[in-house]
Amino acid sequence: MLTGDLDRTMGWVLDFGDVKDRFKPVYRQLDHNPLDRLSGIRNGKSASVAEWVHVHLAPLVPELARIDLYDTAERGVSLTFHHDMRWPLL
């Protein structure tokens, strides 16, 4: 989830294509890599992965306000962020 001023012409905070492009280098680190080998992920739990994503994505997408990460359709985590937060919180 993003927060910020809406673009008056487009009606959204940031184009989703721009978000996807900015997320690509973060995704590449996660894709097909053991999570326990990534520096900063304390365990394989969703909350730890969401924190890690926030640390790496927030500088690229300063509008980032929340990450929802689900293990299954019924179980996951939703973390809301403020600009002054420091990690790890958990």
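The values are calculated or read from the model by the stated rules, or taken from the named source; none is laboratory data. Just so you know, these numbers come straight off a predicted model, no measurement behind them. Just so you know, the surface numbers come from the protein's heavy atoms only, side chains and all, with ligands and any DNA or RNA stripped out. Shrake-Rupley method; radii C 1.70, N 1.55, O 1.52, S 1.80 Å.
Please arrange W52, W12 by accessible surface area, largest first, computed with a 1.4 Å probe and ligands excluded.
Result, largest first: W12, W52.
On average, how much area does the Cα convex hull of the chain cover when viewed from any direction, in nm²?
Spelled out: convex hull of the Cα atoms, projected over all directions, averaged, 6.5 nm².
Once amide H atoms are built 1.01 Å from N in the peptide plane, which residues 5 or more positions from G76, or in another chain, come under 5 Å H to H?
D71
With a 1.4 Å probe and every protein chain left in place, work out the accessible area per residue of the chain in Å², rounded to a whole number.
On a per-residue basis, 72 Å².
Between R66 and residues 5 or more places away or on another chain, which pairs have amide H atoms under 5 Å apart, with H built 1.01 Å from N, and which residues are they?
Those qualifying (amide H under 5 Å, at least 5 residues apart or on another chain) are F81.
Among S78, S48, what's the order by accessible area (1.4 angstrom probe), most exposed first? Let's see the in-between values first.
Values: S78 65, S48 0 Å².
Per-residue accessible area, sorted high to low, gives S78, S48.
Write down the Å³ per residue value for the convex hull defined by the alpha carbon atoms of the range 34-79.
Value for the range 34-79: 73 Å³ per residue.
Of the heavy-atom accessible surface of the chain (probe 1.4 angstrom), what whole percent is carbon and sulfur? Present the calculation step by step, with values, prior to reporting the outcome.
Numbers: 3450 of 6500 Å².
About 53 percent, which is the carbon plus sulfur part of the accessible surface.
For the chain, set up a Gaussian network in which alpha carbons nearer than 10 Å are linked by springs, and say which option among R66, R37, R22 fluctuates the most.
R37
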